Amino acid sequence: DGGITQSPKYLFRKEGQNVTLSCEQNLNHDAMYWYRQDPGQGLRLIYYSQIVNDFQKGDIAEGYSVSREKKESFPLTVTSAQKNPTAFYLCASSRTNTGELFFGEGSRLTVL
Amino acid sequence: AQSVTQLGSHVSVSEGALVLLRCNYSSSVPPYLFWYVQYPNQGLQLLLKYTTGATLVKGINGFEAEFKKSETSFHLTKPSAHMSDAAEYFCAVRRDGNNRLAFGKGNQVVVIP
């Protein structure tokens, strides 16, 4: 079945460590997105990519980095510069111009 | 800038009663509007969407929403709540041609037996 796979589902990190969250899709979608979810805050856009080897900052990109070397993959690195990284991270993809996003199951990051 | 307002972070409804979740949007262009549902520790699933055409949109699990341009609203309804409807619901509006969405803060729905 086609879909979006995020891993790991749960991740614990010590302060000062970088971590990378994986996002893979087999939907043949051009665009991919990373959102951060905090309780009562809705979803906030971190980074997005419309095409391979190109990506743009979203609303809260500070302390995060991404790459888009393959159409299927859009990993997110949470760096030690992110002041409050504990959150639920959601990856999504879409066909260009349809508006509809398809989401993965999410990754919950906890900083100890 | 496009934005969405959802009032009432927590909504309680009795089993069998009407579910009504309100969404008001702000958009400088004809909006694309969405409702998503999220179960605990899971991703978001699309319930329904409005892009163009018929203003009453039917979605999955018996939900529907009506686009009212004059009221800048896109309220979600279901005639009879079921225990399985307990979840968080998000309204969203497309911000631009890059499919970036602006999300509301969500409504946590509790269904009372």
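The values are calculated or read from the model by the stated rules, or taken from the named source; none is laboratory data. Model, not experiment: these values are computed from the prediction. As a convention, Cβ positions derive from the backbone with ideal geometry for all residues, glycine included, and neighbour counts pool all protein chains shown. The protein model used for the area step is the full one, side chains on, heavy atoms only, and it has no ligands, DNA or RNA in it. Shrake-Rupley method; radii C 1.70, N 1.55, O 1.52, S 1.80 Å.
When the square roots of the Cα gyration tensor eigenvalues are ordered a ≥ b ≥ c, the ratio a/c for chain A is 1.5 or more and a/b exceeds b/c, which makes its shape prolate. Across the protein chains, with a 1.4 Å probe defining accessible surface, the residues A:Asp54, A:Asp59 rank A:Asp59, A:Asp54 from largest area downward. Here the stretch B:29-87 is treated as an ellipsoid with the same Cα gyration tensor; its semi-axes, largest first and in whole Å, are 22, 13, 9. Computed 3J(HN,Hα) for the stretch B:69-81, one whole-Hz value per residue from the Karplus formula 6.51 cos²θ - 1.76 cosθ + 1.60 where θ = phi - 60°, is 4, 5, 9, 6, 10, 8, 6, 9, 9, 8, x, 9, 6, glycine and proline marked x.
Of B:Ala17, B:Ala65, B:Ala92, which is the most mobile in a GNM of chain B whose springs link Cα atoms less than 10 angstrom apart? Its mean-square fluctuation being the largest, the pick is B:Ala17.
Sorted largest first, the principal axis extents computed over the alpha-carbon atoms of the protein assembly as shown equal 49, 38, 35 Å. For chain B, the fraction of C-alpha pairs more than 24 angstrom apart is 19%. Across the stretch B:95-111, rounded Karplus estimates of 3J(HN,Hα) from the backbone phi angles (6.51 cos²θ - 1.76 cosθ + 1.60, θ = phi - 60°) give 8, 6, x, 8, 6, 5, 10, 9, 9, x, 7, x, 10, 8, 9, 10, 9 Hz, Gly and Pro being marked x.
Comparing B:Gly16, B:Val109, B:Val29 along the charge dipole axis of chain B, the residue lying farthest to the positive side is B:Val29, per the Cβ-charge model. Note on the protein assembly as shown: with charges restricted to the Cβ of Lys and Arg (+1) and Asp and Glu (-1), its dipole about the Cα centre is near 320 debye.
Relative to the Cα centre, the charge distribution of chain B, modelled as +1 at Lys and Arg Cβ and -1 at Asp and Glu Cβ, gives a dipole magnitude of about 340 debye. Take chain A, connect every pair of alpha-carbon atoms lying under 10 Å apart with a spring to form a Gaussian network, then pick out the residue of A:Ala61, A:Ala81, A:Ala31 with the largest mean-square fluctuation. Ranking A:Ala61, A:Ala81, A:Ala31 by mean-square fluctuation puts A:Ala81 first.
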